[in-house]
């Protein structure tokens, strides 16, 4: 234990020394994060390569312990085997900090690092002893490592946030390692926690150095690896619950990002101002208050995680899981995301079903128009669709002949609905000066979700058909 504490102390000392050195060197070379974007909160250029100081401090804390055979033996079984994978993901992040990488390039590099970790022995075996345990170990492990890496990377949006979240997770794993007498995990986690403490002296608000992608990806990756190793002590399907709980804040943030961007049809790997810390800022909290509130959430999650590991009764474990899930749900409600509020209203209010029905109806009408072989069949298909979709009148110049269909008792001309009294008319241009006009009254049954796609479909289908058809005479 004394040797372990000295290793942690060395990690802290190296971090306190190397962090300002890295800051000043890269500031002199102007390798800094520039302010200016709406989602950035700092006012001055700040070096973004703090991960280099953490990586160097973490390795140096062990290298000076080579004469301590027992400690080095423990390290050989975990840290040194993970060193190539950790170095790979750190280099990916550092290159992104220095020159920039495309999202697919970063993901490819992260996947290579995850594969290296898997073949070094990092595997999620929460179902060991079950028939499907080994079968799912490979995809689950790769997915978990990618998820953890990007979760810490995405949460790195405020001074001291990602480093502090990583510190809480690392300390929780260290405490659990002591409780379970897992010396290998303890040796791996305490020096990392010490390096993060030293870095936070310069990274907490107001920060003079940022983690950068190199640091946030490295910390997330290591925590993912150590979480998987932590779970191997369990032989039940609940084995991964404790690591998930301890990383709940970053995992929740990345999950919310993916769902929000999917609902808004925006790039999954894009940037926005909808992260948890941004939502707390929008509720009026000061940046330092936001970080402290998230720290409190991490502490709460850590408590649930440790309880989940020490309880031995399945019923209590399930109860803890339910309470934890309810806490997460209340936290998301407090953040008040408009995307989820609208989605819930669509689904529970019946609008989602209306959209589906309208789109299915459009598909039927589109098939009918496409299947028409003559202009007359086209006209009948269009008239049938217009009637079904709630239009009150269809008027057209159709191959040079004016045609009209009324789908309710024709009103007096002066009483016909117009845009001025709540109705509207849409005009669809066709080849050779032809056109369609579709009229709708305010009191007509609404099919708003399909009207615009319907008009676009008519122009697309009819333009092709009427251009190729021979005009037919004799139509009134």
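The values are calculated or read from the model by the stated rules, or taken from the named source; none is laboratory data. All of these numbers come straight from a predicted model, not from anything done at the bench. Neighbour counts are summed over all protein chains in view; Cβ atoms, including those assigned to glycine, are modelled from backbone coordinates with ideal geometry.
Would you check if there is a residue in region 159-168 being buried (at least 24 other Cβ atoms within 10 Å of the Cβ), in the same structural domain as residue 255 (by TED's automatic domain parsing) and in contact with a strand residue (DSSP E or B) (Cβ under 7 Å, 6 or more places away or on another chain)? No; the residues of region 159-168 include none that is buried (at least 24 other Cβ atoms within 10 Å of the Cβ), in the same structural domain as residue 255 (by TED's automatic domain parsing) and in contact with a strand residue (DSSP E or B) (Cβ under 7 Å, 6 or more places away or on another chain).
Among the residues of region 293-322, the one identified as outside any helix (DSSP H, G or I) and either at pLDDT 85 or above or surrounded by 13 or more Cβ atoms within 10 Å (Cβ to Cβ) (or both) is 311.
If you go through region 257-275 and pick out every residue that is within 20 Å of residue 146 (Cα to Cα), in contact with a helix residue (DSSP H, G or I) (Cβ under 7 Å, 6 or more places away or on another chain) and not in a loop (DSSP other than H, G, I, E, B), you end up with 2.
Only one of the numbered conditions (1) at negative phi; (2) at pLDDT below 90; (3) surrounded by fewer than 21 Cβ atoms within 10 Å (Cβ to Cβ) is not met by residue 229, and that is (3). Scan region 133-182 for residues that are farther than 26 Å from residue 109 by Cβ and outside any helix (DSSP H, G or I) and the total you get is 5.
So, residue 82, is that one modelled with pLDDT of 85 or more and either over 23 Å from the mean Cα position of the chain (by Cα) or not assigned by TED's automatic domain parsing to the domain that holds residue 8 (or both) or not? The answer is yes for residue 82. Can you confirm whether region 202-218 contains a residue that is touching a strand residue (DSSP E or B) at 6+ places or on another chain (Cβ under 6 Å) and in the same structural domain as residue 26 (by TED's automatic domain parsing)? Yes; the residues of region 202-218 include at least one that is touching a strand residue (DSSP E or B) at 6+ places or on another chain (Cβ under 6 Å) and in the same structural domain as residue 26 (by TED's automatic domain parsing). Here 383, 370, 396 are screened, and the one residue that is under 19 Å from residue 431 (Cβ atoms), modelled with pLDDT of 85 or more and in contact with a strand residue (DSSP E or B) (Cβ under 6 Å, 6 or more places away or on another chain) is 396. Tell me, please, whether a residue that is under 26 Å from residue 4 (Cβ atoms) and buried (at least 24 other Cβ atoms within 10 Å of the Cβ) can be found in region 200-208. Yes: region 200-208 contains one or more residues that are under 26 Å from residue 4 (Cβ atoms) and buried (at least 24 other Cβ atoms within 10 Å of the Cβ).
For residue 331, indicate whether it is exposed (fewer than 12 other Cβ atoms within 10 Å of the Cβ), at pLDDT 85 or above and closer than 22 Å to residue 253 by Cβ. Considered against the rule, which asks whether it is exposed (fewer than 12 other Cβ atoms within 10 Å of the Cβ), at pLDDT 85 or above and closer than 22 Å to residue 253 by Cβ, residue 331 comes out as no. Every listed requirement among (1) touching a helix residue (DSSP H, G or I) at 6+ places or on another chain (Cβ under 7 Å); (2) over 20 Å from residue 220 (Cα atoms); (3) at pLDDT 95 or above is met by residue 12 save one, (2).
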